[in-house]
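The values are calculated or read from the model by the stated rules, or taken from the named source; none is laboratory data. Just so we're clear, the structure is a prediction, and the values are computed from it rather than from any experiment. Positions of Cβ are generated from backbone atoms using ideal geometry, with glycine treated the same way; all protein chains shown enter the neighbour counts.
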């Protein structure tokens, strides 16, 4: 639970807890000392008041009559401190008292507490002979109210000090964490842009955060160098594949020509061997052509492009594929749409998509091919009503050497990779979606349309089965 709390709250909470403990200790010590002093002062005030009253009051007998202070005089003396004054005879009879004075009982000692009052009793000389008793009392509740105010003051002081310590801790933690926040923001920016060449801010203070920033900066420099080395290696590798594939075309053409001649002139087992070698060589020629196309796309080598009718290119690819459709129903419905592209590459796109649909669907499957204009794009759609692509392969279907039917499918696994490379090389895209009714497969290729007129006749609809 503690690890889920943000570090700034943990730092602020820890400091606030320590301040709370310190303030509580301080409040207990100061509270006890203050309360003890208040009680002592209260007792001293009551005793001093009784002594002063004893010295100031005069009681005497004149002409057989007791001369005593008036009630007004006693009220005046007692009013400032909410005190109570009573004059008693030694045998406990009440002689005079302040207004509303409670019954404090007979005097039994110099100091006592009776009915919530602290009572101090002092003897007063009765002239010309004898003594009387004066009781001076103050309510203990006055002292308790003062003690209660002290307790509340200390309580609010502890709580207020803790709250202020928490706020101060949050502020300090926020400022202390700001360099880390800057590092996090820069790291997120580097992750988003994938550019390790950017630097991270290094604080001027020589502390753990600045050491972390310098370590991250050195790591980014190393990653940037490694990335440049990897990119340079990949560029060299792609250029090598492109050059090697290009150089292989000439000897392969010569080999194919000689094998075709041998296949036509030889009979028997020798003729069958020549035919098998011819088939393997043709497959090799197509694989080399695929690798050359992908290698050129990787290194950014563009084939010359001209205005052409995409619909006508699709019809030519369908006508080339018609002899191998078997029991499949191939339906082509196109309209003239001009694009600026490489004829052979776009021909390969249409051929690969249709061949892929025929190869991976059972006999009797309907393959639908269409070309239309959608806004500023030319859209090529190839769909079928077959079993569809397994869910596990849908995310990887455009990767190289991914075979939908495994090793026995007869495919090199480059067909759809070529489709994506050509589409993206022409500024377009290719997407895969489920067919109608969540059955089958639907590939959609979008390429920017062109306003230029193609140097060829417009395409027509073709239906074959």
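Examine region 98-110 for a residue that is modelled with pLDDT under 85, assigned to a strand (DSSP E or B) and assigned by TED's automatic domain parsing to the domain that holds residue 53, and state whether such a residue exists. No. Taking residue 183 as the residue in question, decide whether it is surrounded by 13 or more Cβ atoms within 10 Å (Cβ to Cβ), over 30 Å from residue 289 (Cβ atoms) and out of contact with any helix residue (DSSP H, G or I) (no Cβ under 9 Å at 6 or more places or on another chain). No.
Where residues in region 397-414 are in a loop (DSSP other than H, G, I, E, B) and exposed (fewer than 12 other Cβ atoms within 10 Å of the Cβ), which of them is modelled with the lowest pLDDT? Among those that are in a loop (DSSP other than H, G, I, E, B) and exposed (fewer than 12 other Cβ atoms within 10 Å of the Cβ), it is 410.
Does region 418-440 hold any residues that are crowded, with 20+ Cβ neighbours inside 10 Å, within 14 Å of residue 389 (Cα to Cα) and modelled with pLDDT of 90 or more, and which are they? If the condition is that a residue be crowded, with 20+ Cβ neighbours inside 10 Å, within 14 Å of residue 389 (Cα to Cα) and modelled with pLDDT of 90 or more, then no residue fits. Return yes or no: is residue 316 touching a helix residue (DSSP H, G or I) at 6+ places or on another chain (Cβ under 9 Å), surrounded by fewer than 21 Cβ atoms within 10 Å (Cβ to Cβ) and at pLDDT 90 or above? So residue 316 fits the description; yes.
Taking region 375-396 as the range and being farther than 22 Å from residue 316 by Cα and either crowded, with 18+ Cβ neighbours inside 10 Å or touching a residue at least 40 places away in the same chain (Cβ under 8 Å) (or both) as the test, the residues that pass are 376, 385, 386, 387, 388, 389.
Search region 41-59 for residues being closer than 19 Å to residue 90 by Cβ and assigned to a helix (DSSP H, G or I), and hand back the single one that is farthest from the chain's Cα centre (by Cα).
Step one: of region 41-59, the residues closer than 19 Å to residue 90 by Cβ are 50, 53-54, 57-59.
Imposing the further condition that a residue be assigned to a helix (DSSP H, G or I) reduces the set to 50, 53-54.
On the way: 50: 75, 53: 78, 54: 81 Å.
Filtering first and then ranking leaves 54.
The residues of region 184-197 that are in a helix (DSSP H, G or I) and either in the same structural domain as residue 228 (by TED's automatic domain parsing) or touching a residue at least 12 places away in the same chain (Cβ under 8 Å) (or both), listed by number, are 186, 187, 190. Inclusion of residue 206 among residues that are closer than 26 Å to residue 297 by Cα and not in a helix (DSSP H, G or I) is not warranted. Within region 276-299, is even one residue within 49 Å of the chain's Cα centre (by Cα), modelled with pLDDT of 85 or more and surrounded by 20 or more Cβ atoms within 10 Å (Cβ to Cβ)? No - not one qualifying residue is present in region 276-299. Just one of (1) in contact with a helix residue (DSSP H, G or I) (Cβ under 6 Å, 6 or more places away or on another chain); (2) free of Cβ contacts under 8 Å to residues at least 24 places away in the same chain fails for residue 110. It is (1). Residue 200 meets the conditions (1) outside the structural domain of residue 12 (by TED's automatic domain parsing); (2) surrounded by 14 or more Cβ atoms within 10 Å (Cβ to Cβ); (3) part of a helix (DSSP H, G or I) in every case but one. The failed one is (3). Here is the figure for region 1-38: residues that are within 30 Å of residue 181 (Cβ to Cβ), surrounded by fewer than 14 Cβ atoms within 10 Å (Cβ to Cβ) and at pLDDT 90 or above total 1. Of all residues in region 366-390, those satisfying the criterion of being touching a helix residue (DSSP H, G or I) at 6+ places or on another chain (Cβ under 9 Å) and not in a strand (DSSP E or B) are 385, 386, 388. Reported count of residues in region 326-341, each being touching a helix residue (DSSP H, G or I) at 6+ places or on another chain (Cβ under 8 Å) and modelled with pLDDT of 85 or more, is 10.
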